[in-house]
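Let me begin by presenting the structure, written as structure tokens, before commenting on it.
Bear in mind these aren't lab numbers, they're just calculated from the coordinates by the rules spelled out. The model shown is predicted, which means the values in this text are computed figures rather than measured ones. Note: ideal-geometry Cβ built from the backbone for every residue, glycine included; neighbour counts use all protein chains shown.
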Amino acid sequence: VKKLNLPGLTLPASNIVLGLMRISSLGPGEIRELVGAAFDEGINFFDHAGVYGVSMHECESLFAAALGWSSAEREKAIIQTKAGIIPGGYDSSRTHILDSVDASLAALQTDYIDILLIHRPDVLVEPDEVAAAFDTLQASGKVRHFGVSNHTPVQIELLKRSLQQSLLVNQVRLSLVHAPLISTGTAASEKWTSQSIDREEELLDYSRLNGMTLQAWSPFQKKAFDGVFVGDREEYPELNIALDEIADKYGVTPTGIAVAWITRHPANIQVVLGTTSPERVRHSAAGSDIPLTRDEWYRLYHAAGYFAP
Ligand SMILES: NC(=O)c1ccc[n+]([C@@H]2O[C@H](COP(=O)([O-])OP(=O)(O)OC[C@H]3O[C@@H](n4cnc5c(N)ncnc54)[C@H](OP(=O)(O)O)[C@@H]3O)[C@@H](O)[C@H]2O)c1
């Protein structure tokens with residue numbers, strides 16, 4: 001798969017990321033197979049969060065226990081995790097961030113996290129507390145790089161005023177059928193359509209201007225966590241015809257094309273897969289670097305229901 005250079009990271013980062021949110025139901029052998037399939041495709045980037053699993057830190061723990069990595073193997077991987085979600089709300093206090101990282105390190109059986117994200121914007125955020133936590137974590141070597149998830153540009157700016165470290169990534173919901181990040185841009189001058197309403201505060205261009213890498217979560221889900229649009233010919237007939245035809249042309253599956261629609265964007269967006277199937281990891285990896293033509297990219301965009309006047 002295609003590799004990206006994220007500023008400061010020693011390893012090149014795969015533009016396809018394996019998300020581990022759904023591994024609770026897998027046994028150790030299945031986890032090894034899933035992660036093995038990812039590595040075989042060149043995927044070296046793994047996305048966790050303290051909150052993934054039935055109990056806190058469960059998925060991190062299952063992952064590490066199943067793999068039993070040596071330190072040499074660990075060093076070939078980029079491990080990202082997140083802190084800040086607590087039962088019933090969010091907590092970005094210094095104490096919570098530090099405690100959460102310690103619990104993640106123990107669960108992941110490692111002594112460093114490559115990238116720590118603040119999982120969701122905390123309404124009660126005190127940027128100086130986040131900064132104090134990041135300073136402590138960086139000084140101790142427990143966390144090497146930092147980022148956010150589900151943050152708007154202004155929320156990022158508010159944090160940046162206090163932080164010493166740069167924010168490398170922002171992980172947000174983005175798929176062919178959930179793309180306001182992209183679609184408000186083409187409707188900006190057409191105020192008669194709700195597609196022009198910018199709820200994202202120009203996040204896409206903000207990220208490009210500031211050298212922040214966007215990561216697309218739920219790349220196959222419909223609008224909420226309500227199933228997958230790939231193959232759903234009843235709800236998305238036109239889109240699936242387009243996916244099928246373009247997939248045929250490139251000799252990949254429609255899943256690969258749904259990935260390619262995101263990776264083709266020049267902002268170098270990473271795609272965070274949630275599949276627990278080694279086969280779907282391979283199908284998705286095939287979409288890492290497909291040179292979709294403008295015709296193909298815009299055909300998918302229109303077929304997903306967006307318009308560009
Ligand atoms: N930052 C955040 O707030 C946030 C929120 C949610 C998720 N995430 C991250 O993003 C990752 C991906 O999220 P997600 O799991 O919602 O994304 P997803 O990849 O869109 O969805 C995965 C689910 O869809 C199924 N699936 C995928 N492709 C399919 C296909 N072609 N046909 C049928 N079923 C298919 C998978 O089943 P199989 O397992 O059977 O393939 C799995 O249950 C998570 O693991 C997590 O790391 C982040």
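The C-beta contact set for segment 223-237 (first residue in contact (Cβ under 8 Å) with a residue 40 or more places away in the chain, second residue β-branched (Val, Ile, Thr) and within 12 Å of the ligand (Cβ to nearest atom), distance under 9 angstrom, 6+ apart or interchain) comprises 223/177; 229/177; 236/177; 236/230. Among the candidates 135, 114, the residue that is more than 16 Å from the ligand (Cβ to nearest atom) and not aromatic (Phe, Trp, Tyr) is uniquely 135. Out of 121, 153, 180, 127, one residue alone is more than 16 Å from the ligand (Cβ to nearest atom), within 18 Å of the chain's Cα centre (by Cα) and over 26 Å from residue 11 (Cα atoms). It is 153.
Taking segment 235-266 as the range and being surrounded by fewer than 16 Cβ atoms within 10 Å (Cβ to Cβ), outside any helix (DSSP H, G or I) and away from the ligand (no atom under 16 Å from the Cβ) as the test, the residues that pass are 251, 266. With a requirement of 2 or more residues that are free of Cβ contacts under 8 Å to residues at least 40 places away in the same chain and touching a strand residue (DSSP E or B) at 6+ places or on another chain (Cβ under 7 Å), the strands (runs of 3 or more DSSP E) lying completely within segment 1-98 that satisfy it span 78-83.
Taken over segment 210-234, the criterion of being away from the ligand (no atom under 14 Å from the Cβ) and closer than 20 Å to residue 263 by Cβ is satisfied by 211, 212.
Only residues that are part of a helix (DSSP H, G or I) and surrounded by 18 or more Cβ atoms within 10 Å (Cβ to Cβ) were counted in segment 106-128, giving 2. Within segment 238-280, the set of residues being free of Cβ contacts under 8 Å to residues at least 60 places away in the same chain and touching a strand residue (DSSP E or B) at 6+ places or on another chain (Cβ under 6 Å) is empty.
Do we have residue 288 as part of a helix (DSSP H, G or I), under 27 Å from residue 146 (Cβ atoms) and within 15 Å of the ligand (Cβ to nearest atom) here? Judged against the criteria, residue 288 is not a match. Looking at segment 40-54, can you tell me whether even one residue there is among the hydroxyl-bearing types (Ser, Thr, Tyr) and more than 10 Å from the ligand (Cβ to nearest atom)? No, that holds for no residue.
Here is the figure for segment 168-193: residues that are over 25 Å from residue 238 (Cβ atoms) and buried (at least 19 other Cβ atoms within 10 Å of the Cβ) total 5.
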